[in-house]
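Scroll down for the structure; my scribbles are underneath it.
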Amino acid sequence: MRYQISGKQIDIGEALQTHVKDELGTVVSKYAERPTDAQVTFSKNASEFACEAVVHLSTGLTAQAKAKAHEIYAAFDACSEKMEKQLRRYKRRLKDHHKDRSEPVELIGVSSYILSSDVGGAEDEPDSLQPIIVAEMETQIPSLSVGEAVMQMELAGAPVLVFRKEGKESVNVVYRRDDGNIGWIDP
């Protein structure tokens, strides 16, 4: 597994890097068969350290965890515990409800846009009806079953996930509703 351990405006020492590789490697190898890479980022806000970890699995799914603490090692340990809990749930769901995936998730490339939220008042009339594009980038849309899409959304901690349903060409969406349930849009 490849590791990318970095700090935002703080230095990460060798001891912390070794600790991260050992602990995260143990957690991930316990629940995931073939992890491909892990990104761990540390940052500091006032007296509090934050740790964010993202682990990509060979099945195409991504597990993500964040934690904060007053000490950098405690922040990582809390993040590692959250990651372990997510991976344990993921593995349990695979065993209980989903078929084992023999091939990696198929991904298609699409364009992703971020539109400006700077909207004038009611009295201001825009010059044109075209939205202002702030950022444009390439992103990947996975081909998943609905259950796998819900699992991926929960692992990533995202409020919404766009995916292609296996065997179909149309784009589907799963999202977390205000009442806590999951919604699925199948055009």
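Read-outs: derived from the displayed coordinates by stated rules, not from any lab. What you are looking at is a predicted structure, and each value in this text was computed from that prediction instead of being measured.
Remarks
- Expressed to the nearest 5 percent, the antiparallel share of DSSP beta bridges inside segment 2-96 is 70 percent.
- Net length gained if the chain between R88 and E169 were fully extended (0.36 nm per residue, minus Cα distance): 26.0 nm
- Maximal additional length on extending the D11-D178 stretch stands at 56.1 nm, based on 0.36 nm per residue less the C-alpha distance.
- Extension gain for the segment E138 to Y3, taken as residue separation times 0.36 nm less the Cα-Cα distance, is 46.3 nm to one decimal.
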